[in-house]
Structure formats: structure tokens, C-alpha cells
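Below is one structure; the comments refer to it alone.
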Amino acid sequence: MHLGHTVRERLYRALPKPAAQRAGDFGGSTGIRRLLVLTKPGNPSFSYYIEDRLRALAVPAEVRALNARLDDLDPHGTFVILCRYVKPRQLLWLRRHRRALSGIGLFVDDDIAAMVAANDGPLDYRAYLFGMGVLPLPLLNGLLTHLWTSTEPLAKALAQGGLTASILAPRPGREHYRATGSQPAAGDAVRMVFHATGAHFSEHQFLVPIVADMLARHAHLSFEVIAEGAPIRWWSDLAADPGRLHIRTPLRWPDYFRETASKPADIALVPLLPGKTNDRRSDTKRIDVSRLQAAAIYANCDIYRRCAMPGEIFADPRPEAWRMEIDRLATDPFLRQRAREATMASMAIMREASQPGFPGLTLHQNGYSHDT
């Protein structure tokens, strides 16, 4: 195990990291005539960090998919924002027109190299991250005038050669967290969920025995988990009533958004175990919890304490702490309502803690001006 950790550390150090190597070439916002955003269609990173910021721009903005052709675009005066990834055809277009473009900014909300080097997700997912988020960097870094990260720890981790990233904190549009469905129905039945992406194997392992105990202890409790890869097998091996244990594979982001907005939950589990990747994450899962109108149990860490409100529930990374909090929420509807309302209120803090613009650019109207 130690050898495996050492090999992973060496791999992480060897992998390229994003850096805005052309930061000194940026001529300022006055030369920007339009904004072009390249992003994977329908993804939470765009929805939670970029979409709302495009609404008050003083220049036109266009959003295109990562596989879209760019040959019809006039590069002169165009500032390009890349949301996490870039594909080869677009990367070559950026390189060909780098002198005409006003600038190129990359936004990342994960330490992608750490995710690739870690043993905490399906191999095909890590291969995808390598091909999309790491492999282009040796060429892309030489084109970047701006680098934005979701958190300060991530910015510090990616700092290199005197180049540092600016912070682009989550700023979800109100439609992404405002309750749009009905309140969770009153009654004895309690629906508990754990919705995770492919990079959370450790959290699945942590929760499996805890959830098994809770389902055995509370006959009125049901559990839904979103999983892929090995965790599907771990949850399937659980000796639980199949009517109360629902294992689902990940949904496309637009489908997930619609479902969570219309299908409330009573309890949401939000564990986050310490580690290189997790310690640099943001707290966007809180937005999903608010949209679910759920009472959450959050990992007791700085990430989720950032926008904390009185009434929210936090648990240390000890199984007994999570068992105790699930016990409390499963049996106390008033406690669930208090926690639910607290997370809804924390969304205002999240918006207040974020700037409406893009650091380093002054492109906003309607009284907004942001230039750092």
C-alpha cells in the first residue's frame, strides 16, 4: 500500500498542471469585443460557476460545445473561456489564432492530475480525465492568459513558477437551488440519498456499513444511491430489502437537475474524506442538497463550513458520528425541517461570497464592475 501511494505521488508530480504562461501578454478588457465559452454540454461546472456570470456582460457571449467547429468565428477581439477541458481541434484553432484573440482563460474546479493519479474512481473515468484535462496542458498552458480555480487550496496546489490562479467561487443561478417541487411529504416514510460522481469510491466504502446498519434499525427508512463501477457491486451485496435500497447509475446533468428539482428527499448524506483531491474541492454539493429540499449531514470540514448556517448538521469522519446523526434525522421530522431550512438559507451566503464577474476581466454592466 505504501509503495502504491509512493507511485501515485510520483505520477502526480510528473503530470502537467494548468498554468497561465501568457498572463503577461493580456492587453486588458478594453480589447474584448465578445466572449466565447467552450464547455461540455450540460454540466454542473458550467451551471454553478459560469452560466450566471454571463447574464450581465457588457459584451456578447456565445457558448459552444467541445466538439463544435470554430472556423466561422472571427478571433479578433474574442476572449475564450474553457470550462475544464478542450479538444484537439479547438486547441489547434486557439493556437492558430492566439495573436488575434484577446485572451484565453481556463476554469478548473478539481485537481484533475490528482484525480488521475488517485485510486479512487473507475479506470475509464480517470483515463477520460487524463485525455481531456491533462494531455492538452503542455500546449494549452502556453496559450493561457488566465487561470481560474474554484478554491484557494486548489489555486495553491496548482501554483508554479510564480504563476498563481485567481478564485472563481461557485455562483449558481437561483433556478439551480430554489425549491421547485413540493415539500417532502409528511408521514412515517423517510427517504435518504447519497448522490456521488465516479470519483468517490472512498465515500461509498465509508457509507456502505453505516447505511446497512441504519436500514436494519429503521424500518421506515429507504435509501437511494447513485454509483458506477465497483461501488455498484458493494451496494448490491448489501443484505437489505430491495424495496428500500435503490441503486442507480449517474444521470446526464440536465436530467439530474430536473429530477432533483421535482423529487425531494428527506435526508442527504454528504461525506468527504480527507485527501489530496477532496481537500481542494468546493461546496457545490450544498446546492444539490438545497434543490432536493433535504436535511443534510455534511462532512465536518472547512469546505462545507464555508457557507454554514445554524441548524445545519456536520459529522466527523467516524462511522459512529454518522450513525448518530442519521438516527436523529430519521426519527425527528422537526430536526429535518430545521436542517432543510438552514441549507436553503445558506445559498444566500454562497451568492454573497462570490463576485459576479471573472477575475481579471471588466466586462459587466448594470452596476457590476470586477477587476482584480
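Quick notes on this one:
- Selection of first residues in the stretch 1-26 that are farther than 18 Å from Gly133 by Cα and of second residues that are at pLDDT 95 or above and among the polar types (S, T, N, Q), restricted to Cβ pairs under 9 Å at least 6 apart or on distinct chains, gives the following pairs, ordered by first then second residue: Arg22/Asn141; Arg22/Thr145; Ala23/Thr145; Gly24/Thr145; Asp25/Thr145; Phe26/Ser102; Phe26/Thr145.
- Hey, Ala345 in a helix (DSSP H, G or I) and free of Cβ contacts under 8 Å to residues at least 60 places away in the same chain or not: yes
One line per residue, one yes/no per condition, for (1) free of Cβ contacts under 8 Å to residues at least 40 places away in the same chain; (2) more than 19 Å from Ala196 (Cβ to Cβ):
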{"residue": "Pro122", "(1), (2)": "no, no"}
{"residue": "Leu129", "(1), (2)": "yes, no"}
{"residue": "Pro136", "(1), (2)": "no, yes"}
{"residue": "Leu143", "(1), (2)": "no, yes"}
{"residue": "Leu154", "(1), (2)": "no, yes"}
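- Restricting the stretch 162-178 to residues that are closer than 19 Å to Ile112 by Cα and small (Gly, Ala, Ser), the residue that is most open to solvent (accessible area, probe 1.4 Å): Ser166
Yes or no, residue by residue, for (1) closer than 28 Å to Asp52 by Cα; (2) within 18 Å of the chain's Cα centre (by Cα):
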site: Leu140; (1), (2): yes, no
site: Thr145; (1), (2): yes, no
site: Ser166; (1), (2): yes, yes
site: Ala169; (1), (2): yes, yes
site: Val190; (1), (2): no, no
site: Val208; (1), (2): no, no
site: Leu215; (1), (2): no, no
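- Count of residues meeting criterion [open to solvent by less than 10 Å² (accessible area, probe 1.4 Å) and assigned to a loop (DSSP other than H, G, I, E, B)] in the stretch 279-298: 3
- Scanning the stretch 99-115 for residues being more than 18 Å from Pro153 (Cβ to Cβ), open to solvent by 10 Å² or more (accessible area, probe 1.4 Å) and touching a residue at least 60 places away in the same chain (Cβ under 8 Å) gives a total of 1.
- Residue within the stretch 103-112 that is over 19 Å from Ala165 (Cβ atoms) and more than 16 Å from the chain's Cα centre (by Cα) present: no
- When the stretch 1-58 is limited to residues that are of a type in the set (Val, Ile, Thr) and more than 20 Å from Asp110 (Cβ to Cβ), the one that is most open to solvent (accessible area, probe 1.4 Å) turns out to be Thr30.
- Subset of the stretch 146-161 [part of a loop (DSSP other than H, G, I, E, B) and either of a type in the set (Phe, Trp, Tyr) or open to solvent by less than 10 Å² (accessible area, probe 1.4 Å) (or both)]: Ser150
- The residue pairs whose first member lies in the stretch 59-76 and is open to solvent by 70 Å² or more (accessible area, probe 1.4 Å), whose second member is assigned to a loop (DSSP other than H, G, I, E, B), and whose beta carbons are closer than 7 Å, counting only pairs six or more residues apart or on different chains, are Asn67/Lys87; His76/Ala100.
The values are calculated or read from the model by the stated rules, or taken from the named source; none is laboratory data. Since the model is a prediction, treat every value here as computed from it, not as a measurement. Cβ: placed from backbone, ideal geometry, glycine included. Neighbour counts: every protein chain shown. Accessible surface areas use protein heavy atoms only, side chains included; no ligands, DNA or RNA. Shrake-Rupley method; radii C 1.70, N 1.55, O 1.52, S 1.80 Å.
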